[in-house]
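One structure is given below, represented as structure tokens, and several questions about it will come after.
Please treat every number below as a calculation from the coordinates, not as lab data. Quantities reported herein were computed from a predicted structural model and do not represent experimental measurements. Here the Cβ is made from the backbone with ideal geometry for all residues, glycine too, and neighbour counts use every protein chain on show.
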């Protein structure tokens, strides 16, 4: 039997789960890279458009081009009223459909560990950004336990199941990100850690939104219902609640930025 794969084919479901986490980290990320207003952006791996929307809310871009391999995610992104001026198209991070020096900024938000050839993806971002422009990314610190749904991944491992991981999971390490940016010839390279917290109404709220993730749901779907229920109880026992039953979880991402030097 083939192993389940991480897939993102439901923009609305992704938005309820990972989309909110992306925005929390994305706000810190944009404050850190401090981009100029009125810039031309390419959002590589734009998915449901969560980060694209943040660009419009925070950066007043002159243009945003969103690229993603999922038609379903892009269809959801196009429905966001605040990004009506963005252009979304199906594309590959390692073969961007744009000419050299086309943009002022290129970004991968929670994407680089899904790119089969991360170095090629970074090289493509460098190619399409003008000299002096910014190339930046942030990714959950998967190997360091920073993934938002880490409690469920821990529970799966406790029960002998192997959680799904992105194909290039090592690219999320801070040293790996710095090496990728250095190898691509970028200058003024900086890295930083981004820590965020999110509160859920109760455990069911946490479970429903977290298990809809494309990295969690395929594993649960392949498990017997009795094992899923045992896992659910196990994870609930690991989490702390406040007096009103709310659960607050934390996540951690690694970020990198650099300037194009040509």
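List the extent of the Cα atoms of region 214-257 along each of their three principal axes, largest first, rounded to whole Å.
44, 33, 13
Take residue 87, project a point 7 Å from its Cα along the Cβ direction, then tell me which residues of region 41-75 have their backbone nitrogen under 11 Å from it.
Of the residues in region 41-75, 63-66 have backbone N under 11 Å from the label point off residue 87.
May I ask you to work out the translational diffusion coefficient for region 113-262 at 20 °C, viscosity 1.002 mPa s, via Stokes-Einstein with Rh from the Kirkwood sum over Cα pairs, reported in whole µm²/s?
Numbers: Rh = 17.1 Å.
So the translational diffusion coefficient is about 125 µm²/s.
Return one number: the angle in degrees, 0 to 90 and rounded to the nearest 10, between the long axis of the Cα atoms of helix 174-183 and the longest principal axis of the Cα atoms of the chain.
Helix 174-183 sits at roughly 20 degrees to that axis.
Can you tell me the relative contact order of the chain? Whole percent, Cα pairs under 8 Å, sequence separation 6 or more. Before the final figure, lay out each step's value.
On the way: 521 pairs, mean separation 59.1, N = 262.
That works out to 23 percent.
I've got another one for you. Where the eigenvalues come from the Cα gyration tensor of region 188-262, what are the semi-axes √(5λ) of the equivalent ellipsoid, largest first, in whole Å? Mind showing how you got there, number by number?
Numbers: eigenvalues 226, 70, 15 Å².
The three semi-axes for region 188-262 are 34, 19, 9 Å.
Anyone know which of 109, 123, 171 comes out most mobile in the 10 Å Cα GNM of the chain?
Of 109, 123, 171, the most mobile in the Gaussian network model is 123.
Sticking with this one: What distance in nm lies between label points placed 7 Å from Cα along the C-beta direction at residue 242 and residue 63?
4.5
Which residue, 156, 180, 239, tops the fluctuation ranking in a GNM of the chain built on C-alpha contacts under 10 Å?
Most flexible of the set in this elastic network: 239.
For region 19-118, give the share of DSSP beta bridges that are antiparallel, in percent and rounded to the nearest 5; count only bridges with both residues there. Each step should come with its number before you reach the end.
Numbers: 1 of 14 bridges.
Percentage antiparallel, nearest 5: 5.
So, one more: Taking 8 Å as the Cα distance limit and 6 or more residues as the minimum spacing, I'd like the relative contact order of region 44-131 as a percentage. Please list the in-between numbers first.
Numbers: 133 pairs, mean separation 26.4, N = 88.
The normalised contact order for region 44-131 reaches 30 percent.
Then there's this: In a Gaussian network model over the chain where Cα atoms closer than 10 Å are linked, find which of 125, 142, 223 has the largest mean-square fluctuation.
Its mean-square fluctuation being the largest, the pick is 223.
Highest first, please rank the peptides 188-200, 45-57 by the mean number of other Cβ atoms sitting within 10 Å of their residues. The partial results should precede the final answer.
Values: 188-200: 15.2, 45-57: 24.8.
Output ranking for 188-200, 45-57: 45-57, 188-200.
Given that just one value was derived from the coordinates, which of [x] 37, 33, 17; [y] 32, 19, 18; [z] 28, 22, 18 is semi-axes √(5λ) of the Cα gyration tensor in Å?
The listed entry that was calculated here is [y].
Suppose a student asked you for the relative contact order of region 112-262, using Cα pairs under 8 Å spaced at least 6 residues apart; what percent would you report? Walk me through the numbers on the way to the answer.
Working: 232 pairs, mean separation 63.9, N = 151.
Relative contact order, region 112-262: 42 percent.
With just the Cα atoms of region 68-153, tell me how far they stretch along each of the three principal axes, in Å, largest first.
Here the Cα extents, ordered largest to smallest, are 42, 31, 21 Å.
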